[in-house]
Amino acid sequence: MNERVLIVEDELSLQETLAYNLKLDGYIIEVTGNGLESLKIAREFQPELILLDIMLPGMNGFDVCRTLRREMDIPILILTARTDEIDRVVGFEIGADDYILKPFSMRELLARIKTRLRLYHQLREKKGIEISNNLSSGELIFENLTIDTIRHEVRLNNQPLLLKPKEYDLLHYLAINQGRALSREMILEEVWGWSYIGNDRTVDVHIRWLRKKIEIDPSHPKRILTVPGIGYRFEG
């Protein structure tokens, strides 16, 4: 197996229990109980999955997740005793892949880790094949939809689509994150930037414009799907 997992948990007994069971299951482990230190370890260790507590010294888990999500596409599983619905919503909006309440079953946690890693590797393999096949041309191809990153244009059925600059930027961002649920907040930050003054309604409007141009039936989209309570996911 030899997959790398970073455990970010400040409760020493739980940290040791997690490390013991994951090592027993064949994972390579790094541990820390400090949120700020976890950023440095993650960048050096390059884990394939992170188990992340919320209440941490140095930097809370939400801020750690928000920071690492901009740098990595690996699964992030939040572990917490906090049961408020708003915490779960925030966790998913900033890019967490799963939200596990303490106390939890170790067997269930290990099963969720295996599932998330399997999906992660499948998606990476799929993206890797697409990128490898189209690297020389600079094109991202999704059946009859082509995004030409060199010419900065989009073609549908081999016919050029007239897109506004932000429509292209949005479609490109969705495409390179194919299969991943993206919150409106993440999309705003990555496509419009931190300095943009507006709200997530902007994302909804641009998604609607894009659907009218690339979907067969915009009212029943197959390419850009709505993820309830989170945002959108590009299926290709």
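Laboratory data are not the source of any read-out in this text; all were calculated from the coordinates shown. Since the structure is predicted, the reported quantities are computational estimates derived from the model, not experimental observations. Using ideal geometry, Cβ is built from the backbone for each residue, glycine included, and neighbour counts are taken over all protein chains shown.
Worth a mention:
- 0 to 90° range, to nearest 10: angle between helix 106-134 axis and the chain longest Cα axis: 30
- Cross-link partners of Lys166 among aspartates and glutamates (Cα-Cα below 17 Å; sequence separation of 8 or more within a chain): Asp148, Glu153, Glu185, Glu189, Glu190, Asp200, Asp204
- Mean ellipticity per residue at 222 nm, deg cm²/dmol - from DSSP H runs of n ≥ 4 across the chain, formula -39500 (n - 2.57): -13500 deg cm²/dmol
- Remark: His121, His220 ranked as His220, His121, counting other beta-carbon atoms within 10 Å and listing the fewest first.
- For the chain, the longest principal axis of the Cα atoms and the long axis of helix 35-45 meet at an angle of about 70 degrees.
- Positive-end residue of Pro165, Tyr99, Val5, charge dipole of the chain with Cβ unit charges: Pro165
- Exposed-site-free run, longest, the chain (rule: chymotrypsin sites (Phe, Trp or Tyr not before Pro); DSSP loop; at most 14 other C-beta within 10 Å): 1-103
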